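Undergrad: Input: one structure, supplied below.
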Amino acid sequence: MRNIFLFIRLYFNFIVLLLLQGFSIYLIVHYNTFHKAVFSGVMNEVTGKVNTEYNKVDYYFQLKKTNQQLAKDNERLRNQLKENFERPDTTTKIVSDSIPYDTLGNRRKWMYLSAKVVSNSVAAQNNFIVLGRGTGQQLKKDEGVVDPNNGVVGIITDVSENFAVVMSLLHKDSKISAKLKKGGDAGQVIWDGKDPNRLSLTDIRKSAKVARGDTVYTSGFTTTFPYGLMIGTIDEIIPDKSTNNYLIKLKSTVNFYNLQYVYAIENYQKEEINQLLKTANNKSNN
Amino acid sequence: MSTLIKNIVRFILLILVQVFVLDRVHVHFMVTPYIYFLFILWMPFKLGRTAQMLIAFALGFTLDSFRHNPGFHAAACVLIAYLRPFLINILIPQEGADSNYEEPSPKSMGGFMPYLFYAGVLTLVHHAWLFFLEALQFGNFWYFIIKTLLSTAISLLLIIIVELIFSRKQQFRTNTV
């Protein structure tokens, strides 16, 4: 027994080193569980407040660029106004309504909620974006996030009272279901951890027709993003020798370096779809 | 200014500079400049080794909180805090020099070269361990080695510049140990 105490005293610093290293690696590996417990509550609020103060200054210098982006966005939206379209029969009048059902019986599925980017990173291996809007302002977990020109930015992973953390496309766990505009082959968009603004598209068979400059869209297979939001354009096509797939490099639509305003997309039918999937899963298990 | 207050101010300033200046400078995706761990390099000689590691963990964890990615910088900081006393023992010029001065600096280490070696080794270890942990998740090791070397070079350059601009006046204390 005495020897054990002597051993601990002799190597006390080394043991502390091992313990702290172990704890750090535990944090890295069990990122999600720990993150939920501590970060989404206290730490997000604290770092969020500091970041907001900084952003007040930074925002001023980017006003010109932000303005251009919003003007472009406005142009796109104005072109979709009902007044721009004419019906051959003038006896009917279109009345828009704010309730979920419009007069044609369409149901609102997607809702865009604008949010200000409070902090953003591109240099790390796992990048996060913080939004200055949280549960108190209707943001929820697992919502998709796009920039003003409808390019995919990422997915919300944590929300606190006033802030939300978005896992950007530049993250090792980021996987977005995507489709080629030409041909319609579906694959997955991931990031290889190197160059920001360059993404990888995997799981595209070699028989698919791909060419440089082709557009890649969201597939709409998941409940996070609607169909047809732009992810990027094909920049380089590398045939993977070991498999039957291409490895495709994309140039991302979003410029991750200067995000100021983004939109979170809420899916009103998500609960219903998830419920349905759950029952289906239960049935197949029994 | 007392040592404690000086170090608290240093802690906050270095974290703020790292988060709001250096993390927003995008030189190249291969090069990530780091300066915040200068706090560990400048910690007083007198501090106990366990305390050094715990403070280093707190420093790394604070930076991790800003990046929403706990663990990486904390691990790297703890490692260099552990190695620091060994390096100081090798490099300190004469017996008792670490009690004559308060903290490591070119003057207390007996010249610029020993200090540069001290800073260089700790920077390299910090970057290597940090990028190694990150590379484990992606698994491209050539990329990891090149990134470590380039980032070490740029961080070391930053440290030298900081040393030249903010030269710390350290008085030689009497030898009444």
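What follows draws every value from the coordinates through simple rules; no lab data is involved. Bear in mind the structure is a predicted one, so any value in this text is a computation, not a measurement. Cβ sites come from the backbone with ideal geometry, for glycine too, and all protein chains shown count toward neighbours.
Undergrad: How much length, in nm to one decimal, is gained on full extension between residue B:140 and residue B:164, taken as 0.36 nm per residue of separation minus their Cα-Cα distance?
TA: Numbers: separation 24, 0.36 × 24 = 8.64 nm, distance 3.65 nm.
Difference between extended and current length: 5.0 nm.
Undergrad: Next question, about the same structure. Rank these for me by crowding, A:64, B:107, A:179, going from fewest to most other beta carbons within 10 Å.
TA: On the way: A:64 8, B:107 16, A:179 22.
Lowest count first: A:64, B:107, A:179.
Undergrad: So which residue, out of B:127, B:68, B:28, gets the largest mean-square fluctuation from a GNM of chain B using Cα contacts under 10 Å as springs?
TA: Sorting by GNM fluctuation, first place goes to B:28.
Undergrad: A follow-up question, please. When a/c is below 1.5 the answer is rounded, else prolate if a/b is larger than b/c, else oblate, so apply that to the protein assembly as shown with a ≥ b ≥ c taken from the square roots of the Cα gyration tensor eigenvalues. Don't skip to the end; give the middle numbers.
TA: Numbers: a/c = 2.24, a/b = 2.08, b/c = 1.08.
Here the protein assembly as shown falls in the prolate category.
Undergrad: Looking at the protein assembly as shown only, what percent of DSSP beta bridges run antiparallel? Nearest 5 please.
TA: The antiparallel proportion sits near 100 percent.
Undergrad: Okay, moving on. Points 7 angstrom from Cα along the Cβ direction at residue A:274 and residue A:233: gap in nanometres?
TA: Each label point is offset 7 Å from its Cα along the Cβ direction, giving 3.7 nm.
Undergrad: Here is a follow-up. If each of residue B:107 and residue A:108 carries a label point 7 Å out from its Cα toward its Cβ, how far apart are those two points in nm?
TA: Placing both labels 7 Å beyond Cα along the Cβ direction yields 6.8 nm.
Undergrad: What ranking do A:173, B:23 get, fewest neighbouring Cβ atoms within 10 angstrom at the top?
TA: A:173, B:23
Undergrad: With a cut-off of at most 16 other beta carbons within 10 Å, and DSSP calling the residue loop, which trypsin sites (Lys or Arg not before Pro) in segment A:193-253 qualify? Please list them.
TA: Qualifying residues, ordered by number: A:194, A:206, A:209, A:212, A:241.
Undergrad: Per residue of A:111-120, count partner chain C-beta atoms within 10 Å of its C-beta, then hand back the mean as an integer.
TA: Rounded to a whole number, the mean comes out at 1.
Undergrad: Also: Cα gyration tensor of segment A:183-282, axes a ≥ b ≥ c as square roots of the eigenvalues: rounded (a/c below 1.5), prolate (a/b > b/c) or oblate? Before the final figure, lay out each step's value.
TA: Working: a/c = 2.28, a/b = 1.31, b/c = 1.74.
Oblate.
Undergrad: I would also like to ask the following. What does the structure give for A:14-27 when I average, per residue, the other chain Cβ atoms found within 10 Å of the residue Cβ?
TA: Mean inter-chain Cβ contacts per residue within 10 Å come to 6.
Undergrad: Ratio of chain B's C-alpha Rg to 2.2 N^0.38 Å, to two decimals? Display every interim value, and only then the final one.
TA: On the way: Rg = 16.2 Å, N = 177, 2.2 N^0.38 = 15.7 Å.
Against the empirical 2.2 N^0.38 Å value, I get 1.03 for chain B.
Undergrad: Just checking the output field for B:23-31: average partner chain Cβ neighbours within 10 Å of each residue's Cβ?
TA: Numbers: counts 6, 8, 1, 6, 1, 2, 9, 2, 1.
Taking all residues of B:23-31 together, the mean is 4.
Undergrad: Which of B:164, A:250, A:18 comes first, and how do the rest follow, when ranked by fewest Cβ neighbours within 10 Å?
TA: B:164, A:18, A:250
Undergrad: With labels modelled as points extended 7 Å from the Cα through the Cβ direction, what inter-label distance (nm, one decimal) is found for residue A:175 paired with residue A:207?
TA: Going by the 7 Å Cα→Cβ label model, 2.4 nm.
Undergrad: Moving on to the next point. Report, ordered by chain and residue number, the lysines lying within cross-link reach of residue A:65, taken as a straight Cα distance under 25 Å and ignoring same-chain residues fewer than 8 apart.
TA: Within the straight-line limit of under 25 Å, residue A:65 reaches these lysines: A:49, A:56, A:116, A:251.
Undergrad: How far is helix A:270-285 tilted off the main Cα axis of chain A, in degrees rounded to 10, range 0 to 90?
TA: Computed tilt is about 60 degrees.
Undergrad: Still on this structure, please answer the following. To make sure I understand the rule: partners must be lysines, Cα under 27 Å from the Cα of residue B:46, and not fewer than 8 residues away in the same chain. Which ones qualify?
TA: B:6, B:107, B:169
Undergrad: Sum up the lysine pairs in segment A:129-223 that clear both bars: alpha-carbon distance under 14 Å and a spacing of 8 or more or different chains. Mind dumping the intermediate values first?
TA: Details: A:172/A:194; A:179/A:209; A:181/A:209; A:182/A:209.
Pairs that pass both the separation and distance tests number 4.
Undergrad: Could you tell me whether segment A:223-286 comes out rounded, prolate or oblate from its Cα gyration tensor? Rule is a ≥ b ≥ c as square roots of the eigenvalues, rounded for a/c under 1.5, then prolate if a/b exceeds b/c, otherwise oblate. Kindly include the intermediate steps, with their values, before the conclusion.
TA: Working: a/c = 4.06, a/b = 1.32, b/c = 3.08.
Oblate shape, in that a/c is at least 1.5 and b/c is the bigger or equal ratio.
Undergrad: Could you state the angle between the C-alpha long axis of helix A:63-78 and the longest principal axis of the C-alpha atoms of chain A, as a value from 0 to 90 degrees rounded to the nearest 10?
TA: 40
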